[in-house]
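Enquirer: A single structure is presented below for examination.
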Amino acid sequence: MISVVIACYNEEENIKPLIYRIIEIMKNELSSYDYEIICIDNDSTDSTRTIIRELCSENSKIKAIFNTHNFGSIRSATFGLLQAHGDMIVKMCADFQDPPELLINFVEEYEKGNRIVIAVKKDSEENKLMYYVRQLYYNIFSKITDIQHINNFEGYGLYDREFIEILRSLNDPVPYFRGIVAELGFKYKIVYYHKKKRNAGKSKYNL
């Protein structure tokens, strides 16, 4: 089984087309696998939750977690991963900047024996200033800490069940997910991709 965990916050324009695209990929390209789609909503204030409820009523493979408060993107997404039942768990955002088509590449690499497959952006259509700030952050981060880091990796990827259970055992209330992926000693395969602009709505990540 493949679990796709989608982190949502005010994504009323994106969540339905994204889920429909994932289902299309699962049916046409990955039909040998069962799947579940878990939407973890971080206390959206628009109609995202209503749309997710409608999707759940259409398809029993779609499931929802509705946070009572906004717990921050890292804590919320990590909690969603821990609720997944799949042998492979994919973590992604709802804005289409994490291209759903990479699911196919992830599974191909998994079938070759890679237990963690991560997406690393090789270039981006985002605001040039923000792109520069991110690169500066990576450089400063690597110099002032001894935590291992993977440049231009934002969490999108496929993780096998063993990794998720180790993540659970850490019991970290505020996990630095990207650092955990880099440091736990698991070998990972990188899939490079071009990061597009978000499909609709505004970014929830400020400076």
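Enquirer: May I ask you to say which residue of 55, 103 is more than 17 Å from the chain's Cα centre (by Cα) and either open to solvent by 40 Å² or more (accessible area, probe 1.4 Å) or modelled with pLDDT of 95 or more (or both)?
Expert: 55
Enquirer: So which of 167, 184, 158 is of a type in the set (A, V, I, L, M) and free of Cβ contacts under 8 Å to residues at least 40 places away in the same chain? Show your work before the answer.
Expert: Values: 167 fails: free of Cβ contacts under 8 Å to residues at least 40 places away in the same chain; 158 fails: free of Cβ contacts under 8 Å to residues at least 40 places away in the same chain.
Step by step, each of 167, 184, 158 is checked, and only 184 is of a type in the set (A, V, I, L, M) and free of Cβ contacts under 8 Å to residues at least 40 places away in the same chain.
Enquirer: Which one of the conditions (1) of a type outside the set (Gly, Ala, Ser); (2) modelled with pLDDT of 95 or more; (3) over 23 Å from residue 1 (Cα atoms) does residue 75 fail to meet, given that it meets all the rest?
Expert: (2)
Enquirer: Just the residues that are surrounded by 17 or more Cβ atoms within 10 Å (Cβ to Cβ), within 22 Å of residue 71 (Cα to Cα) and among the acidic types (Asp, Glu), please, taken from the range 148-192.
Expert: 154
Enquirer: Would it be correct to say that residue 37 is without any contact (Cβ under 8 Å) to a residue 40 or more places away in the chain and within 18 Å of residue 89 (Cα to Cα)?
Expert: yes
Enquirer: Any idea how many residues of the range 140-182 are of a type in the set (A, V, I, L, M, F, W, C) and part of a loop (DSSP other than H, G, I, E, B)? Walk me through how you get there before you give the answer.
Expert: Of all residues in the range 140-182, those of a type in the set (A, V, I, L, M, F, W, C) come to 140-141, 144, 147, 150, 153, 158, 163-164, 166-167, 170, 174, 177, 180-182.
When the remaining residues are screened for being part of a loop (DSSP other than H, G, I, E, B), the result is 147, 150, 174.
Matching residues across the range 140-182 total 3.
Enquirer: I'd like to check which helices (runs of 4 or more DSSP H) are fully inside the range 1-103 and have at least 1 residues that are more than 15 Å from residue 155 (Cβ to Cβ).
Expert: Values: elements: 15-28, 48-58, 73-82.
In the range 1-103, 15-28, 48-58 are the helices (runs of 4 or more DSSP H) which contain 1 or more residues that are more than 15 Å from residue 155 (Cβ to Cβ).
The values are calculated or read from the model by the stated rules, or taken from the named source; none is laboratory data. Quick caveat, the model's predicted, so the values are computed rather than measured. Because the Cβ atoms are built from the backbone with ideal geometry, glycine has one as well, and the counts that use them run over all protein chains shown. Protein only, heavy atoms only, side chains kept; ligands, DNA and RNA dropped before computing areas. Shrake-Rupley method; radii C 1.70, N 1.55, O 1.52, S 1.80 Å.
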